[in-house]
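Below: one structure, written as structure tokens.
Every read-out reported here was derived from the displayed coordinates using simple, explicitly stated rules and does not represent laboratory data. Source: prediction; values computed, not measured. Please note: Cβ atoms are built from the backbone with ideal geometry, for glycine as well, and neighbour counts cover all protein chains shown.
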Amino acid sequence: MDFQFKDKYNIDDLISLITLLRAPGGCPWDREQTHTSIKSNFIEETYEVIEAINKNSISGLREELGDVLLQIALHCEMERAILPLMMFAMSFAKSL
């Protein structure tokens with residue numbers, strides 16, 4: 001699977017990219033990550049979201065929320081068989 005560069009991306013592209021990075025032949029760093037190894041990244045990105053909010057920085061907020069979404073996608077991909085990202089999103093939407 002090759003990742004295609006385009007002008008605009010959607011959630012399916014994010015899922016494809018994460019799948020590609022964690023697949024055999026993908027990124028060695030991404031493949032070796034576990035929930036435990038990246039949990040501090042999740043916390044750090046969450047604090048950075050709060051910092052962007054405190055600074056009233058919309059561009060910073062956009063960037064940091066993207067980083068949080070990446071963390072969510074990584075955790076979902078690690079448990080792809082039981083927690084695919086789209087199923088997670090649908091369950092979340094139903095709970096609202």
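Tabulated data
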| read-out | value |
| --- | --- |
| For LEU20, net neighbour charge (Lys/Arg +1, Asp/Glu -1) across residues whose Cβ lies under 12 Å away | -2 |
| Answer label, with Cα Rg over 2.2 N^0.38 Å calculated from the coordinates and candidates [x] 1.79; [y] 1.22; [z] 1.16 | [z] |
| HN-Hα J in Hz across the range 40-48 - Karplus 6.51, -1.76, 1.60, θ = phi - 60°, x for Gly and Pro | 5, 5, 4, 4, 4, 5, 5, 4, 5 |
| J(HN,Hα) series, the range 56-68, from Karplus relation 6.51 cos²θ - 1.76 cosθ + 1.60, nearest Hz, glycine and proline x | 6, 9, 5, 5, x, 5, 4, 5, 6, 5, x, 5, 5 |
| Helix-only CD estimate at 222 nm, as mean residue ellipticity for the chain, using -39500 (n - 2.57) per DSSP H run (n ≥ 4) | -23000 deg cm²/dmol |
| Cleavage-rule hits (chymotrypsin sites (Phe, Trp or Tyr not before Pro)) in the range 2-96: DSSP loop, at most 14 neighbouring Cβ within 10 angstrom | PHE3, PHE5, TYR9 |
| Ranked list, fewest to most other Cβ atoms within 10 Å of each Cβ, for LYS55, LYS8 | LYS8, LYS55 |
| Surrounding net charge for ASP67, when Lys and Arg each add one and Asp and Glu each subtract one, Cβ distance under 11 Å | -4 |
| Spin-label pair SER57/LEU20, simplified geometry with 7 Å Cα→Cβ offset, distance in nm | 2.9 nm |
| Sorted by Cβ neighbour density within 10 Å, fewest at the top, the residues GLU63, GLU45 | GLU63, GLU45 |
| Count of Lys pairs (Cα-Cα under 28 Å; at least 8 positions apart or interchain) in the chain | 4 |
